[in-house]
């Protein structure tokens, strides 16, 4: 039976994800609770992002002692929001006018000071009342000290008329995290997202400056930080300059504050400024409009997109574009979708762990958190056609080459009691992954495994309580099930070329196959067949999985367990999937006895506890992943491969290491994007990469800050090559 996710269960799942949402900036709740199985004593994640310090007034309203200011007017928070932000920016009329235009479009609002979320919730309610059919709403909000989830829930009790929307926000809300977080919010379980909410946790100026989509612009600004006298950094000249840079002619801005230096700075930045009637006891409020003409959101109109590849990378990109109103054609060389590595019956969704808190760590963590939201959302609208199970993933120490020698308990451990919440982990283990919050990564001893996973295991390990597994082929089908997506199987593309402002593809016989404004190459290692992307180091990596029939004991397994191979709980077909082998350079998809024996041998530690017998014949599936040279995805806009250093004269165009001259980055090929090199972690990286590419293509704000976008961009290989050439000169 398919696991059906009800609306209530969906919000419960989202709350689990959001409550565990953390990156490099996290600290545990004041009550010490971090995870239902307990926390690791001594494991303290970084804490440079702190939840807001809240004092509650007699009427139940939140107050900030640190900034000596209230979160909303004592004379009526809802009324103040309506007067100062919604009506002042004339939002409803502007939305209605923009919605009359043909083609897809987005209206972007950016806010300084998320606070209790009152402005966002009021805006969302007005958006629902307006009933736009074509226009989309994107709301970005910056917050340095986010309220804890418990405090936010208490604050929102002030407005029972917003209760339904408040519950949806709370179900998704990340309360201990730093950086960008994209929330896909729906008014119901319909296909279209009601609102995209980006929460930027950290310094507002740094967060806004890190936006990686260079053409993204804001249509309306809400300046709602604490008063300039108590929070001057949120009203600085630098942040106002950043606001001006991210604005376009016709962009509006409003605030309760009419501080003189803010008014003067805005006028110098080519805003026309008015002082209007304030709310309540405030005599005046601020309204400004960027000089120039044009107030319409980006309207792609009749833009068309082509995606090459119908695996998970291509399917998620196609859906991201289609949800933005773009007609998408997916060209797949196989006879059906998901015939490559995305065709397995089960795939694990787990966070790739990094020992250092660097940009790779941040990318893996952010992509994991977004993937959890993405699959919960997709499961909700598809009646869980994707077979998503957020059951948790337990990785035993024997999964890591450098820790196999630490395995100390060769015999299974009988467990009769639940684990103690304050179990002390060895100092070495606390330190290796101390930069991860315990809500996302938890040390489990061998003595705890039965209570955690349902079976006793002879090793300690790391638990990712929010991870799980899904059916990747079914996920591809669900992503491609959209009225604006047309899939054409059996089309092998031999060449791509840009002519007359459009991308043209021809098949392997030289017959024209498509032409489009946007072209996304998402065909794994075959991306190297095209001259525009031939230089990027993505190579075939064969993987074979083995399928075993469930036993009576194996039905007790509650989560994915990984040793040197992973073993997933039984699927609805009654089979367990064990995988996967790694064979570099092979493109053969025939099952081999050697790889099946390898899977069985490397999963023996787990199989023995489940009484899973080896199959009498070859049983499983082999497919080919695309793996990059640095094990990171290769995704984003494609640079022009015609570089100065590749022309006549070669490296004479490259300055020496001692030269102050720096070669500029090459131009990007308009409308051409790449999504490949996801390796064995495509279930985690594909969703956020798809959002990133769609935002780049349509000039929308990306869910990836520049530092994370750069670490997966194709451009990184050109920069590295140039650095190597400079050192040689």
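Identify all residues within segment 117-149 that are within 15 Å of residue 201 (Cβ to Cβ) and assigned to a loop (DSSP other than H, G, I, E, B); write none if there are none. Within segment 117-149, 117, 144, 145, 146, 147, 148 meet the criteria. Exactly one residue out of 222, 279, 287 is over 32 Å from the mean Cα position of the chain (by Cα), part of a strand (DSSP E or B), in contact (Cβ under 8 Å) with a residue 60 or more places away in the chain and crowded, with 17+ Cβ neighbours inside 10 Å: that is 287. Exactly one residue out of 267, 245 is in contact with a strand residue (DSSP E or B) (Cβ under 9 Å, 6 or more places away or on another chain) and free of Cβ contacts under 8 Å to residues at least 12 places away in the same chain: that is 267. Can you pull out every residue in segment 379-396 that is assigned to a loop (DSSP other than H, G, I, E, B) and closer than 23 Å to residue 185 by Cβ? Listed by number, the residues that qualify are 382, 383, 384, 385, 386, 388, 390.
If the condition is being touching a strand residue (DSSP E or B) at 6+ places or on another chain (Cβ under 6 Å), part of a loop (DSSP other than H, G, I, E, B) and either on the phi > 0 side of the Ramachandran plot or at pLDDT 95 or above (or both), then segment 292-314 contributes 292, 294, 310. Mind checking whether some residue in segment 178-190 is over 19 Å from residue 292 (Cβ atoms), touching a helix residue (DSSP H, G or I) at 6+ places or on another chain (Cβ under 6 Å) and free of Cβ contacts under 8 Å to residues at least 40 places away in the same chain? Within segment 178-190, not a single residue is over 19 Å from residue 292 (Cβ atoms), touching a helix residue (DSSP H, G or I) at 6+ places or on another chain (Cβ under 6 Å) and free of Cβ contacts under 8 Å to residues at least 40 places away in the same chain.
There is at least one residue in segment 120-143 that is closer than 22 Å to residue 369 by Cα, at pLDDT below 95, buried (at least 18 other Cβ atoms within 10 Å of the Cβ) and touching a helix residue (DSSP H, G or I) at 6+ places or on another chain (Cβ under 9 Å).
From the list 341, 313, 334, the lone residue that is in contact (Cβ under 8 Å) with a residue 12 or more places away in the chain, closer than 20 Å to residue 675 by Cβ and surrounded by fewer than 24 Cβ atoms within 10 Å (Cβ to Cβ) is 334.
Would you mind stating whether residue 89 is buried (at least 21 other Cβ atoms within 10 Å of the Cβ), in a loop (DSSP other than H, G, I, E, B) and modelled with pLDDT of 95 or more? Judged against the criteria, residue 89 is a match. All of 406, 439, 448 fail the test of being under 30 Å from the mean Cα position of the chain (by Cα), over 30 Å from residue 343 (Cβ atoms) and either surrounded by fewer than 22 Cβ atoms within 10 Å (Cβ to Cβ) or at pLDDT 70 or above (or both), apart from 439.
When 266, 234, 253 are checked against the criterion of being touching a helix residue (DSSP H, G or I) at 6+ places or on another chain (Cβ under 8 Å), modelled with pLDDT of 95 or more and outside any strand (DSSP E or B), 266 stands alone in meeting it. If I filter segment 194-215 for residues that are at pLDDT below 90, surrounded by fewer than 20 Cβ atoms within 10 Å (Cβ to Cβ), under 24 Å from the mean Cα position of the chain (by Cα) and under 23 Å from residue 120 (Cα atoms), do I get at least one hit? Yes, segment 194-215 contains a residue that is at pLDDT below 90, surrounded by fewer than 20 Cβ atoms within 10 Å (Cβ to Cβ), under 24 Å from the mean Cα position of the chain (by Cα) and under 23 Å from residue 120 (Cα atoms). The single condition among (1) surrounded by fewer than 21 Cβ atoms within 10 Å (Cβ to Cβ); (2) assigned to a loop (DSSP other than H, G, I, E, B); (3) touching a strand residue (DSSP E or B) at 6+ places or on another chain (Cβ under 6 Å) that residue 228 does not meet is (3).
Taking residue 562, is it under 22 Å from residue 627 (Cα atoms), touching a residue at least 60 places away in the same chain (Cβ under 8 Å) and either surrounded by fewer than 22 Cβ atoms within 10 Å (Cβ to Cβ) or in contact with a helix residue (DSSP H, G or I) (Cβ under 7 Å, 6 or more places away or on another chain) (or both)? The answer is yes for residue 562. Taking segment 571-580, which residues are at pLDDT 95 or above and either more than 20 Å from residue 548 (Cβ to Cβ) or touching a helix residue (DSSP H, G or I) at 6+ places or on another chain (Cβ under 9 Å) (or both)? Matches in segment 571-580: 576, 578. Taken over segment 591-613, the residue count meeting the criterion of being surrounded by fewer than 14 Cβ atoms within 10 Å (Cβ to Cβ) and assigned to a helix (DSSP H, G or I) is 5. Pairs linking a residue in segment 508-529 that is at positive phi and buried (at least 22 other Cβ atoms within 10 Å of the Cβ) to a residue that is at pLDDT 95 or above and in a helix (DSSP H, G or I), with Cβ atoms under 9 Å and 6 or more positions apart or on different chains, are 524/313. When we screen 317, 273 for residues that are touching a strand residue (DSSP E or B) at 6+ places or on another chain (Cβ under 7 Å), at pLDDT 95 or above and under 28 Å from residue 196 (Cβ atoms), the only hit is 317.
The values are calculated or read from the model by the stated rules, or taken from the named source; none is laboratory data. Owing to the predicted nature of the structure, the values given are computational and were not obtained by experimental measurement. Glycine also receives a Cβ, built like all others from the backbone with ideal geometry; neighbour counts cover every protein chain displayed.
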